[in-house]
Amino acid sequence: MELIPMFLKEMEQEAQTTRKMLQRIPNDKYDFQPHEKSMTIRRLATHIADLPTWATIALTTDELDFAKNPYQEPLINNTDELLSYFETCLENGKSQLVADNEAVLNKPWTLRNGDQVYSVSPRHEVIRMALCQIVHHRAQLGVFLRLLNVPIPGSYGPSADEPSFN
């Protein structure tokens with residue numbers, strides 16, 4: 001079974017829902033943080049937008065070592081910038097989901113911070129984790145927006161804020 005076509009399809013499907021969610025962020029709420037241990041909306045939304053690039057990282061490198069290459073996302077200040085960044089990251093992630101890379105999906109990939117190894121996984125599992133992280137963090141963003149009384153778009157059907165739900 002080929003995984004690349006499945007990853008491409010899922011990435012595009014999740015991108016549709018992700019766009020709808022990211023579009024809802026009010027420009028004046030990027031510093032909102034519902035709890036001291038929570039990320040700000042800026043950090044959370046930027047991370048969501050960046051996650052498609054993990055497909056490229058997994059397929060073009062053997063590891064990510066935070067000690068050698070600190071993982072830094074850009075400073076996003078408004079929703080237009082965020083959506084533009086998301087589209088760039090989406091194209092980046094999809095660019096490596098090509099048939100030739102099917103052959104490397106079972107090769108190991110390492111996530112570490114210097115000597116501390118967080119995980120060693122086949123590359124296909126890293127891509128799967130990135131897709132799951134998009135969904136997970138998008139749900140967190142939904143909670144943040146709900147706390148701000150921002151209507152939530154549907155993900156896999158209508159939300160309680162959409163007329164077709166009622």
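Here are the numbers:
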{"read-out": "Residues (over 30 Å from K29 (Cα atoms), over 16 Å from the mean Cα position of the chain (by Cα) and in a helix (DSSP H, G or I)) located in segment 78-123", "value": "A99, D100, N101, E102, A103, V104, R123"}
{"read-out": "Residue list for segment 16-74, filter: part of a helix (DSSP H, G or I) and among the β-branched types (V, I, T)", "value": "T17, T18, I41, T46, I48, T53, T56, I57, T60"}
{"read-out": "Some residue of segment 32-53 being among the polar types (S, T, N, Q) and touching a Cys at 6+ places or on another chain (Cβ under 9 Å)", "value": "yes"}
{"read-out": "Leading residue by the ranking (nearest to V135 (Cα to Cα)) among those in segment 76-88 that are touching a residue at least 24 places away in the same chain (Cβ under 8 Å) and not hydroxyl-bearing (S, T, Y)", "value": "F86"}
{"read-out": "Subset of segment 129-166 [touching a residue at least 24 places away in the same chain (Cβ under 8 Å), in a helix (DSSP H, G or I) and not aliphatic (A, V, I, L, M)]", "value": "Q133, H137, R138, Q140, G142, F144"}
{"read-out": "Selection count, segment 108-119, where residues are of a type outside the set (S, T, Y), out of contact with any helix residue (DSSP H, G or I) (no Cβ under 6 Å at 6 or more places or on another chain) and surrounded by 13 or more Cβ atoms within 10 Å (Cβ to Cβ)", "value": "4"}
{"read-out": "Single unsatisfied condition, T56 versus (1) touching a residue at least 40 places away in the same chain (Cβ under 8 Å); (2) exposed (fewer than 15 other Cβ atoms within 10 Å of the Cβ)", "value": "(2)"}
{"read-out": "Of residues in segment 89-106 being among the charged types (D, E, K, R) and touching a residue at least 40 places away in the same chain (Cβ under 8 Å), the one nearest to D50 (Cα to Cα)", "value": "K94"}
{"read-out": "Failed item, numbered, when P70 is tested on (1) touching a Ser or Thr at 6+ places or on another chain (Cβ under 6 Å); (2) surrounded by fewer than 14 Cβ atoms within 10 Å (Cβ to Cβ); (3) over 18 Å from Q16 (Cα atoms)", "value": "(1)"}
{"read-out": "Breaking point among (1) touching a residue at least 24 places away in the same chain (Cβ under 8 Å); (2) within 24 Å of I4 (Cβ to Cβ); (3) surrounded by fewer than 20 Cβ atoms within 10 Å (Cβ to Cβ), for I48", "value": "(3)"}
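Where a number appears in this text, it was derived from the coordinates with a stated rule and is not lab data. Fair warning: this is a prediction, and the values are worked out from it, not measured in the lab. So basically every Cβ, Gly included, is an ideal-geometry build from the backbone, and we count neighbours across all protein chains shown.
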